[in-house]
Amino acid sequence: MWHKNFEDRLASWNQLRTTVSQMPAEQALYEINSWWFETPWCAYHLHWDDCTNWPDPWQLLDDNLFCSVARGLGILYTITLLDRADVVDAMLVDTGTDNLVPVGQKKYILNWDRQQIVNTNQEQYSVRHSISQEQIKNQIK
């Protein structure tokens, strides 16, 4: 259940990061993906053309508007703040039809399906835009 006020969302997000910090990578990524799929959906909020002005993670939670880009950004922020050596290659990728978060040399694909993170679709996708964990660290103040 998604929390209605910012303080509760922030506490829940903090608890998520604490909980998954010691889990095996696959389980942690599954939990992160599932948590962000609880967000309330809106069709449009963030756009790739405006990525230099995207909110930091705390503002994202405060805005409480989650399109596919915003949810993917939240997933990437969460993974980045974990600072785990086994998930350092996460990216947010615009494929033209989806905003995916590939991790673990694309073994895991988050922000694609609520119940599944293992990449069973071996088709290549084209990348229109992308932002890496290293780049997103600049958004975190």
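Residues checked against (1) in a loop (DSSP other than H, G, I, E, B); (2) surrounded by fewer than 19 Cβ atoms within 10 Å (Cβ to Cβ); (3) modelled with pLDDT of 85 or more; (4) more than 11 Å from the chain's Cα centre (by Cα):
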| residue | (1), (2), (3), (4) |
| --- | --- |
| Asp89 | yes, yes, yes, yes |
| Thr97 | yes, yes, yes, yes |
| Lys106 | yes, yes, yes, yes |
| Ile109 | no, no, yes, no |
| Trp112 | yes, no, yes, no |
| Gln115 | yes, yes, yes, yes |
| Asn121 | yes, yes, no, yes |
| Gln124 | yes, yes, no, yes |
(message) Quick test for you: out of Tyr125, Tyr108, pick the one residue that is of a type in the set (Phe, Trp, Tyr), without any contact (Cβ under 8 Å) to a residue 60 or more places away in the chain and over 21 Å from Leu60 (Cβ atoms).
(response) Tyr125
(message) Condition first: surrounded by fewer than 15 Cβ atoms within 10 Å (Cβ to Cβ) and either over 17 Å from Thr80 (Cβ atoms) or over 17 Å from the mean Cα position of the chain (by Cα) (or both). Now tell me which residues in segment 1-18 satisfy that.
(response) Met1, Trp2, Lys4, Asn5, Phe6, Glu7, Asp8, Ala11, Gln15
(message) Which count do you get for residues in segment 57-87 that are surrounded by fewer than 18 Cβ atoms within 10 Å (Cβ to Cβ) and within 22 Å of Arg128 (Cα to Cα)?
(response) 1
(request) Please work out if Val93 is part of a loop (DSSP other than H, G, I, E, B), of a type in the set (A, V, I, L, M, F, W, C), more than 17 Å from Pro57 (Cα to Cα) and free of Cβ contacts under 8 Å to residues at least 60 places away in the same chain. (result) no
(request) Can you work out which of the residues in segment 27-52 that are in contact with a Lys or Arg (Cβ under 9 Å, 6 or more places away or on another chain), buried (at least 16 other Cβ atoms within 10 Å of the Cβ) and not aliphatic (A, V, I, L, M) is farthest from Asp89 (Cα to Cα)? (result) Thr39
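The values are calculated or read from the model by the stated rules, or taken from the named source; none is laboratory data. Since this is a predicted model, take the numbers as computed values, not measurements. Here Cβ is always computed from backbone atoms with ideal geometry, including for glycine, and neighbour counts include all displayed protein chains.
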